[in-house]
Amino acid sequence: MGLVLAVALFVGARGESGQRTASQRAHAIATEIRCPTCQGLSAADSDAPAAQAIRDDILRRVQAGQTGDEIRAYLVSRYKEEILLKPAGDGVASLVWILPVGAVTVAVAAMVVAFRRWGARPDVAVSDADRAMVDEALNR
Amino acid sequence: MNAALGTAGVVLGLTATVLGTATLAIGLRRGDPRLLRAGQRYVWIILGGALLAALAMEAAFIGHDFSIKYVADNGSRGTPLLYTISGMWSALEGSILLWTLILAGYLAVMVRHFRSRAGDPLVAWATIAGFAVAAFFFYLMVGPANPFRVLSVIPADGRGPNPLLQNHPLVAFHPPILYLGFVGFTIPFAFAIAALVTGRLGEGWLVETRRWTLFAWGFLTVGIILGAWWSYEVLGWGGYWAWDPVENASFLPWLTGTAYIHSVMVQERRGMLRVWNLSLLVATFSLTILGTFLTRSGVLDSVHAFSESSIGPALLAFFALVVGVSIALIGWRGDRLRSPGAIDSPISREGAFLANNVAFGAFAFVVLLGTVFPLIAEAINGDRLSVGAPYFDRMTAPVGFTLLFLMAIAPALPWRKASGELLHRRLLWPAWAATVVVVVCVASGRRGLAPLLAFGLGAFAGTAALRQLLLSARAARRQGSPVWRALMGRANGGMVVHLGVVVIAVAFAASTAYGHRGQFRLEPGQTATLAGHSVTYLGTTTTKHENKTTLSAQVRIDGGQVYSPAIHQFPFASQGIGSPSVRTGVVDDVYLTLVAAPEAGQTAAVVGVNVQPLVAWLWVGGGLMGLGTALAAWPGRRRRPTEPSAAPAIPSGRPEEVPALVDQQPVAVSPRA
């Protein structure tokens with residue numbers, strides 16, 4: 001069963017990353033670009049004219065052969081860092097990625113330590129007096 | 001007149017909270033139960049004051065009393081009655097009033113519920129904590145968020161609510177339900193504080209507030225789902241969840257609250273995790289305050305924030321006070337909070353609950369960090385940056401999958417320790433269901449790792465929950481009780497909630513991964529096709545309403561019924577407000593927007609079409625979660641509120657808990673009445 005599941009997931013995940021059309025690639029980039037005139041919506045999601053302009057711009061650049069990084073760098077140079085909905089992985093912005101991963105690592109480590117400690121406790125020693133008490137309780 | 005009555009109500013409420021707190025404090029000091037009872041009776045004056053203020057506000061809205069600034073800003077003669085009534089909570093000051101009213105209601109129910117124990121210091125301290133919170137909210141209405149400020153020049157007509165808040169009937173229900181959730185956590189919080197102060201940190205206060213917590217949690221859940229639905233039906237971008245600050249602010253207490261209602265079971269059964277549970281409860285309550293601060297003080301932009309004001313410092317100070325006092329109390333009682341037990345094996349029910357808490361904690365941390373990170377970055381070096389949906393999606397997806405996985409295996413795990421053989425037997429069917437679902441999805445052409453994982457894990461967790469319910473039903477039948485009893489009680493209601501979560505997870509994954517979006521410039525009679533649906537643009541009509549002018553397009557979907565996405569023009573708004581029209585279906589939703597009306601002299605309009613599968617199931621899942629919560633909280637046989645017991649007495653003859661009992665080795669024998 002595990003094998004069947006793994007093969008199915010593998011096939012399912014691979015099928016997605018085949019050759020994508022220019023408009024699909026442009027859409028993927030636009031979902032990570034902020035619509036400058038909206039509140040928190042991406043350029044891909046908004047009907048605002050500014051979002052439409054960015055979408056068209058991205059599509060033109062994709063068709064001209066630019067990579068995602070080049071297009072993002074261009075948009076940052078034009079609209080500043082704020083235009084990226086997904087903060088870059090360097091500078092202060094990288095903290096937003098590192099902190100949660102660090103916190104989860106610490107929490108998992110703490111749990112492992114806690115289980116070690118709990119596991120290391122010696123078994124409760126049962127004395128004869130205890131047994132006698134239990135027997136008495138059971139026989140009553 | 002209305003302003004005077006309202007202000008009187010606020011002042012009355014504030015005075016009663018202060019006098020009530022003082023009476024209770026003196027009563028506690030002297031150990032005088034009469035004073036304690038008298039102090040708790042102030043709750044009726046508090047409720048009266050809040051009711052008077054709220055009714056005065058509604059009377060002002062309905063009577064178009066524009067001498068009150070808030071009414072002039074948020075009401076108008078042309079606004080329909082429903083939105084006139086909901087006008088009370090369409091901006092900040094009125095929302096605080098609604099919050100206060102609900103809090104006063106909760107406190108009154110609490111005092112009444114515990115009236116036979118009014119002399120008990122635990123109840124008295126809980127009442128003091130509740131009164132203190134109420135005093136803060138009354139103070140907000142006296143000072144920085146006064147809803148009854150009057151205008152010297154009375155306008156002939158008001159501006160009406162924000163256009164987005166008079167577009168859909170959900171605005172009448174979503175905020176009150178959400179607030180019932182937010183505010184409801186005040187009661188368990190108050191009891192937590194009382195337990196800390198009195199030092200009665202056994203499991204008694206947990207058992208007593210269990211139902212209150214579930215009640216608040218259920219309303220918070222339904223409130224959040226209704227907010228998403230409102231967003232979907234009104235905002236017109238085709239989505240329902242944008243990781244917007246206001247959405248996050250409501251989601252944060254939900255996350256910590258959900259962690260709490262799981263980990264509290266470990267404490268009830270094993271007497272462990274006391275500090276952790278208190279911290280989760282404090283976190284949940286203080287996050288409702290922090291969320292209000294973040295979204296109402298104007299430090300963050302949001303599509304849902306319809307007000308800004310100067311209450312920021314007050315809210316922040318109150319947040320700091322709550323957190324500070326709670327931490328100090330937990331530190332002070334540290335010695336009594338040390339837990340006696342140990343968790344034997346990570347592969348056990350309590351181990352799964354711990355993992356659940358780490359996952360929910362991580363989830364909450366990511367959401368909180370992402371929400372406030374723009375502020376942090378700006379404070380560090382002046383960088384202005386955005387943290388949006390792509391960040392939250394990327395970071396929360398692994399946590400979400402972990403939670404789905406835990407949801408599948410945790411109900412199958414016994415307390416203390418599980419054997420591999422037992423797990424194999426219990427998880428065999430769920431695992432097969434997951435495999436079949438993934439194989440069928442891949443075979444039918446569904447692609448993408450994330451949605452496939454979501455479907456597979458959803459099937460895993462869903463089947464596990466169904467198996468649990470089935471066992472419960474079988475046990476009920478064996479015992480001769482009606483089969484519907486198999487749905488009642490905490491364990492079974494919880495499984496219904498889990499099914500709701502699965503439905504939401506699957507719908508969320510499908511609608512996110514397999515949506516299609518397009519914009520078409522269409523002449524009347526022209527048809528466009530998207531994702532197998534045809535949309536035919538027929539033309540536009542303009543209608544004048546009392547409060548707005550509506551330009552709507554007629555669009556036929558799949559040659560069938562005609563839908564009318566529209567643009568509304570409100571008198572006080574510069575921009576037109578788009579209003580989508582949705583054909584809801586079992587398989588997919590067709591979501592239409594009017595992107596651009598025909599220009600002068602032309603006939604072509606731009607129509608936005610958004611086809612997303614399974615969206616309707618999000619609302620179904622939310623309903624299931626609400627239903628499950630009600631089943632879990634349903635009063636069963638009355639439980640004796642025993643104070644100290646590491647393991648609650650096992651009530652024999654409660655059919656709904658039988659399957660859980662089968663798994664369980666009795667860990668401690670507690671005194672039975």
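The values are calculated or read from the model by the stated rules, or taken from the named source; none is laboratory data. Note that this is a predicted model, so its numbers are computed, not measured. All Cβ positions, glycine included, derive from the backbone under ideal geometry; neighbour counts span all protein chains shown. What goes into the accessible areas is simple: the full protein's heavy atoms, side chains included, and nothing from ligands, DNA or RNA. Shrake-Rupley method; radii C 1.70, N 1.55, O 1.52, S 1.80 Å.
For segment B:131-160, how many residues are open to solvent by less than 30 Å² (accessible area, probe 1.4 Å) and of a type in the set (A, V, I, L, M)?
6
Please count how many residues of segment B:200-227 are under 10 Å from the mean Cα position of the chain (by Cα), open to solvent by 30 Å² or more (accessible area, probe 1.4 Å) and of a type in the set (Phe, Trp, Tyr).
Taking segment B:200-227 first, the residues under 10 Å from the mean Cα position of the chain (by Cα) are B:216-227.
Keeping just the survivors that are open to solvent by 30 Å² or more (accessible area, probe 1.4 Å) gives B:219, B:222, B:225.
With of a type in the set (Phe, Trp, Tyr) added as a condition, the list becomes B:219.
The number of residues fulfilling the criteria is 1.
Against the conditions (1) within 14 Å of chain A (Cβ to nearest Cβ); (2) at positive phi, where does B:GLY601 fall short? Just the number, please.
If we test B:GLY601 against (1) within 14 Å of chain A (Cβ to nearest Cβ); (2) at positive phi, just (1) comes out false.
Filter segment B:180-199 for residues that are surrounded by fewer than 23 Cβ atoms within 10 Å (Cβ to Cβ) and within 27 Å of B:ASN2 (Cβ to Cβ) and give the result.
B:LEU180
When you scan segment B:104-130, how many residues do you find that are in a helix (DSSP H, G or I) and either open to solvent by less than 10 Å² (accessible area, probe 1.4 Å) or of a type in the set (A, V, I, L, M) (or both)?
Residues of segment B:104-130 in a helix (DSSP H, G or I): B:104-113, B:115-117, B:121-130.
Those left that are additionally either open to solvent by less than 10 Å² (accessible area, probe 1.4 Å) or of a type in the set (A, V, I, L, M) (or both): B:104, B:107-111, B:122-124, B:126-130.
Residues flagged as in a helix (DSSP H, G or I) and either open to solvent by less than 10 Å² (accessible area, probe 1.4 Å) or of a type in the set (A, V, I, L, M) (or both) within segment B:104-130 amount to 14.
Restrict the check to segment B:421-442 and report whether at least one residue is under 25 Å from the mean Cα position of the chain (by Cα), part of a helix (DSSP H, G or I) and farther than 30 Å from A:THR31 by Cα. Steps first, answer last, please.
Quick first cut of segment B:421-442, residues under 25 Å from the mean Cα position of the chain (by Cα) only: none.
No, segment B:421-442 has no match at all.
Would segment A:78-97 turn up any residue that is in contact with a Ser or Thr (Cβ under 8 Å, 6 or more places away or on another chain), modelled with pLDDT under 90 and in a loop (DSSP other than H, G, I, E, B)?
Checking segment A:78-97: at least one residue is in contact with a Ser or Thr (Cβ under 8 Å, 6 or more places away or on another chain), modelled with pLDDT under 90 and in a loop (DSSP other than H, G, I, E, B).
If I go through segment A:74-88 residue by residue, how many of them are surrounded by fewer than 19 Cβ atoms within 10 Å (Cβ to Cβ) and within 11 Å of chain B (Cβ to nearest Cβ)?
Step one: list which residues in segment A:74-88 are surrounded by fewer than 19 Cβ atoms within 10 Å (Cβ to Cβ), which gives A:74, A:76-82, A:88.
Still in the running and within 11 Å of chain B (Cβ to nearest Cβ): A:76, A:79-82, A:88.
Residues meeting the conditions: 6.
Assess whether A:ILE71 counts as being open to solvent by less than 30 Å² (accessible area, probe 1.4 Å), more than 10 Å from chain B (Cβ to nearest Cβ) and either under 19 Å from the mean Cα position of the chain (by Cα) or farther than 30 Å from B:ALA566 by Cα (or both).
Working: open to solvent by less than 30 Å² (accessible area, probe 1.4 Å): yes; more than 10 Å from chain B (Cβ to nearest Cβ): yes; either under 19 Å from the mean Cα position of the chain (by Cα) or farther than 30 Å from B:ALA566 by Cα (or both): yes.
Taking the combined requirement at face value, the residue satisfies it.
For segment B:404-452, enumerate the residues that are within 27 Å of B:ALA491 (Cα to Cα) and polar (S, T, N, Q).
Answer for segment B:404-452, where residues must be within 27 Å of B:ALA491 (Cα to Cα) and polar (S, T, N, Q): B:SER419, B:THR435.
For the structure I just gave you, tell me whether B:PHE392 is more than 30 Å from A:LEU3 (Cβ to Cβ) and either open to solvent by 20 Å² or more (accessible area, probe 1.4 Å) or within 9 Å of another protein chain (Cβ to nearest Cβ) (or both).
Working: more than 30 Å from A:LEU3 (Cβ to Cβ): yes; either open to solvent by 20 Å² or more (accessible area, probe 1.4 Å) or within 9 Å of another protein chain (Cβ to nearest Cβ) (or both): no.
In short, no.
If we keep just the residues of segment B:31-60 that are surrounded by fewer than 24 Cβ atoms within 10 Å (Cβ to Cβ) and of a type in the set (Gly, Ala, Ser), which is nearest to B:ALA104 (Cα to Cα)?
B:GLY48
Does B:LEU55 satisfy the condition of being within 30 Å of B:ALA195 (Cα to Cα) and either touching a helix residue (DSSP H, G or I) at 6+ places or on another chain (Cβ under 9 Å) or acidic (Asp, Glu) (or both)? Outline the logic, then answer.
Numbers: within 30 Å of B:ALA195 (Cα to Cα): no; either touching a helix residue (DSSP H, G or I) at 6+ places or on another chain (Cβ under 9 Å) or acidic (Asp, Glu) (or both): yes.
Answer is no for this residue.
State all residues of segment B:343-394 that are under 20 Å from A:GLY89 (Cβ atoms), basic (Lys, Arg) and in contact (Cβ under 8 Å) with a residue 60 or more places away in the chain; if no residue qualifies, say none.
none
For residues that are β-branched (Val, Ile, Thr) and facing another protein chain (nearest Cβ under 9 Å), tally how many sit in segment B:441-470.
Step one: list which residues in segment B:441-470 are β-branched (Val, Ile, Thr), which gives B:442, B:463.
Now restrict to residues that are facing another protein chain (nearest Cβ under 9 Å): B:442.
Residues meeting the conditions: 1.
Restricting to segment A:89-114, and then to whatever is among the small types (Gly, Ala, Ser) and facing another protein chain (nearest Cβ under 7 Å), can you tell me which residue is farthest from the chain's Cα centre (by Cα)?
Narrowing segment A:89-114 to residues among the small types (Gly, Ala, Ser): A:89, A:91, A:93-94, A:102-103, A:107, A:109-110, A:114.
Pick out the ones that are also facing another protein chain (nearest Cβ under 7 Å) and you get A:93, A:103, A:107.
On the way: A:ALA93: 16, A:ALA103: 14, A:ALA107: 17 Å.
So, considering only residues that are among the small types (Gly, Ala, Ser) and facing another protein chain (nearest Cβ under 7 Å), the one farthest from the chain's Cα centre (by Cα) is A:ALA107.
Restricting to segment B:229-270, give me the number of residues that are among the aliphatic types (A, V, I, L, M) and assigned to a loop (DSSP other than H, G, I, E, B).
Going residue by residue through segment B:229-270, those that are among the aliphatic types (A, V, I, L, M) are B:234-235, B:242, B:246, B:249, B:252, B:255, B:259, B:261, B:264-266.
This time we only want the ones that are assigned to a loop (DSSP other than H, G, I, E, B), so: B:235, B:242.
Looking only at that region, the number is 2.
Which one of A:ASP57, A:ASP45, A:ASP69 is assigned to a loop (DSSP other than H, G, I, E, B) and not polar (S, T, N, Q)?
On the way: A:ASP57 fails: assigned to a loop (DSSP other than H, G, I, E, B); A:ASP69 fails: assigned to a loop (DSSP other than H, G, I, E, B).
Being assigned to a loop (DSSP other than H, G, I, E, B) and not polar (S, T, N, Q) holds for just one of A:ASP57, A:ASP45, A:ASP69, which is A:ASP45.
Looking only at segment A:29-63, filter to residues that are more than 11 Å from every other protein chain (Cβ to nearest Cβ) and of a type in the set (Lys, Arg); which one of those is surrounded by the most Cβ atoms within 10 Å (Cβ to Cβ)?
Ranking the qualifying residues of segment A:29-63, first place goes to A:ARG61.
Determine whether A:ARG20 is more than 11 Å from every other protein chain (Cβ to nearest Cβ), open to solvent by 50 Å² or more (accessible area, probe 1.4 Å), within 25 Å of the chain's Cα centre (by Cα) and within 26 Å of B:ALA377 (Cβ to Cβ). It would help to see each step written out before you state the result.
Numbers: more than 11 Å from every other protein chain (Cβ to nearest Cβ): yes; open to solvent by 50 Å² or more (accessible area, probe 1.4 Å): yes; within 25 Å of the chain's Cα centre (by Cα): yes; within 26 Å of B:ALA377 (Cβ to Cβ): no.
Judged against the criteria, A:ARG20 is not a match.
Could you name every one of the strands (runs of 3 or more DSSP E) located completely within segment B:465-583 that has at least 1 residues being charged (D, E, K, R) and under 29 Å from B:VAL620 (Cβ atoms)? Quick ask: steps written out before the conclusion?
Numbers: elements: B:516-522, B:527-530, B:533-544, B:549-557, B:566-569, B:577-579, B:581-583.
Fully inside segment B:465-583 and qualifying: B:516-522, B:549-557, B:581-583.
So that you can scan it fast, the table gives a plain yes or no per residue for (1) free of Cβ contacts under 8 Å to residues at least 12 places away in the same chain; (2) aliphatic (A, V, I, L, M); (3) within 30 Å of B:ARG159 (Cβ to Cβ); (4) open to solvent by less than 20 Å² (accessible area, probe 1.4 Å):
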{"residue": "B:THR542", "(1), (2), (3), (4)": "yes, no, yes, no"}
{"residue": "B:LEU551", "(1), (2), (3), (4)": "no, yes, yes, no"}
{"residue": "B:ILE557", "(1), (2), (3), (4)": "no, yes, no, yes"}
{"residue": "B:PRO571", "(1), (2), (3), (4)": "no, no, yes, no"}
{"residue": "B:SER574", "(1), (2), (3), (4)": "yes, no, yes, no"}
{"residue": "B:VAL615", "(1), (2), (3), (4)": "no, yes, no, yes"}
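Please enumerate the residues belonging to segment B:360-389 that are facing chain A (nearest Cβ under 9 Å) and hydrophobic (A, V, I, L, M, F, W, C).
Listed by number, the residues that qualify are B:ALA362, B:PHE365, B:VAL366, B:LEU369, B:PHE373, B:ILE376, B:ALA377, B:ILE380, B:LEU385, B:VAL387, B:ALA389.
Read through the list (1) within 30 Å of B:GLY370 (Cα to Cα); (2) more than 9 Å from chain B (Cβ to nearest Cβ), then give the number of the only condition that A:ALA129 fails.
(1)
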